[in-house]
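Participant: My questions will all concern the structure given below.
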């Protein structure tokens, strides 16, 4: 292996470590914010809520695809969210084998609680960065993602 290629591997490993660390810190910050505001849901539940806030009444498989989790873990998560009164399962009128997952009134109310916390978290994330820097970084990360797909 050429020295150049080794340096490329080191750079890529550093990038991956940084992405992982950012995700970890963001999760910790958000969990602390939720705890201080007495919001009793998990990050995984918020992911599902967020998906449903954007498009309600969707097939469970869509949630699996959008969260990159397996079907069993999403089934368990939706069971838990149903027990908490955040979502409900509705029979799919076009396919009896499927259920459509929908928000309940309580699930919709969580949006009012969580969006301000997300905005606070994103504001702390953006400190010291210009909008242009964020756009450029996003562009580069999306380019990496496209190259991997």
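The values are calculated or read from the model by the stated rules, or taken from the named source; none is laboratory data. These figures come from a predicted structure and were not determined experimentally. Don't worry about glycine lacking a Cβ; one is built from the backbone with ideal geometry, like all the others, and counts go over all protein chains shown.
Participant: What number goes with the only condition from (1) in contact with a strand residue (DSSP E or B) (Cβ under 7 Å, 6 or more places away or on another chain); (2) at pLDDT 95 or above that residue 80 does not pass?
Facilitator: Going through (1) in contact with a strand residue (DSSP E or B) (Cβ under 7 Å, 6 or more places away or on another chain); (2) at pLDDT 95 or above one by one, residue 80 breaks only (1).
Participant: When you go through (1) surrounded by 11 or more Cβ atoms within 10 Å (Cβ to Cβ); (2) more than 18 Å from residue 27 (Cα to Cα); (3) at pLDDT below 95; (4) more than 15 Å from the chain's Cα centre (by Cα) one by one for residue 62, which number turns out not to apply?
Facilitator: With respect to (1) surrounded by 11 or more Cβ atoms within 10 Å (Cβ to Cβ); (2) more than 18 Å from residue 27 (Cα to Cα); (3) at pLDDT below 95; (4) more than 15 Å from the chain's Cα centre (by Cα), residue 62 is out only on (4).
Participant: Test residue 19 against the criterion of being modelled with pLDDT of 90 or more, more than 16 Å from residue 112 (Cα to Cα), in a helix (DSSP H, G or I) and in contact with a helix residue (DSSP H, G or I) (Cβ under 9 Å, 6 or more places away or on another chain), and give yes or no.
Facilitator: Against the criterion (modelled with pLDDT of 90 or more, more than 16 Å from residue 112 (Cα to Cα), in a helix (DSSP H, G or I) and in contact with a helix residue (DSSP H, G or I) (Cβ under 9 Å, 6 or more places away or on another chain)), residue 19 qualifies.
Participant: Something else now. Working only within the range 106-118, note down all residues that are surrounded by 10 or more Cβ atoms within 10 Å (Cβ to Cβ) and either under 21 Å from residue 32 (Cβ atoms) or in contact with a helix residue (DSSP H, G or I) (Cβ under 8 Å, 6 or more places away or on another chain) (or both).
Facilitator: Listed by number, the residues that qualify are 107, 108, 110, 111, 113, 114, 115, 116, 117, 118.
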